[in-house]
Amino acid sequence: MTDTPQGVAAIGGDRFDAVEAMLARYPDLTAAEIDDLKLWFHKEASAFDVASMAGKEAIATGYRAFRDDHIDRFTARDLVTGAIIAIVGLAFAYMLLARAF
């Protein structure tokens, strides 16, 4: 076991099993458990871990709901970043067109 900001977390296969158990209970989780799942998805899990978890039919409903609610959502930061990129791209295209004429 190892200490995390959210409490005690299991290591290796135990950690994977703990995450699987939480996803099976989703949305009936505490705020600390949701934070722990976010930590796992964002910092701890490898692509293989996530793919393995996604392939488990027994937790498919909880897995998909958690991903939809907490992982795959666009945040305000994502929207602002996208808008800035679009504005810069349009400004660049305008400058190129203005030079052409």
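Which of 86, 58, 45 ends up with the largest GNM mean-square fluctuation for the chain, with Cα atoms connected below 10 Å?
Largest GNM mean-square fluctuation: 86.
Most exposed first by the Cβ proxy, i.e. fewest other Cβ within 10 Å, how do 79, 23, 29 rank?
Ascending Cβ contact count within 10 Å gives the list 79, 29, 23.
Could you work out [θ]222 nm for the chain from helices alone, using -39500 (n - 2.57) per DSSP H run of at least four and dividing by all its residues? Round to the nearest 500 deg cm²/dmol.
Helix contribution divided over all residues of the chain: -19000 deg cm²/dmol.
For a footprinting-style exposure proxy, rank 15, 25 by other Cβ within 10 Å, fewest first.
25, 15
Can you sort 70, 42 by how many other beta carbons sit within 10 Å, fewest first?
So the ranking, lowest neighbour count to highest, is 42, 70.
Which residue, 44, 57, 20, tops the fluctuation ranking in a GNM of the chain built on C-alpha contacts under 10 Å?
It is 57.
State, to one decimal in nm, how far the label point of residue 31 lies from the label point of residue 76, with both points 7 Å from Cα in the Cβ direction.
1.8 nm
Counting alpha carbon pairs within less than 8 Å and at least 6 residues apart, what relative contact order, in whole percent, applies to the chain?
24 percent
For the chain, with a Gaussian network of springs between Cα atoms less than 10 Å apart, report the residue from 48, 66, 16 with the top mean-square fluctuation.
Among 48, 66, 16, the largest mean-square fluctuation in the Gaussian network model of the chain belongs to 48.
For the chain, what is the largest minus smallest coordinate of the Cα atoms on each principal axis, given in angstrom and ordered from greatest to least?
Result, largest extent first: 65, 30, 24 Å.
What does the charge count around residue 49 come to, taking other residues whose C-beta lies under 11 Å from its C-beta (Lys +1, Arg +1, Asp -1, Glu -1)?
Value of the local net charge: -1.
Read-outs: derived from the displayed coordinates by stated rules, not from any lab. Nothing here was measured: the structure is a model prediction, and the numbers come from that model. Ideal geometry is used to build each Cβ from the backbone, glycine not excepted, and the neighbour counts take in all protein chains shown.
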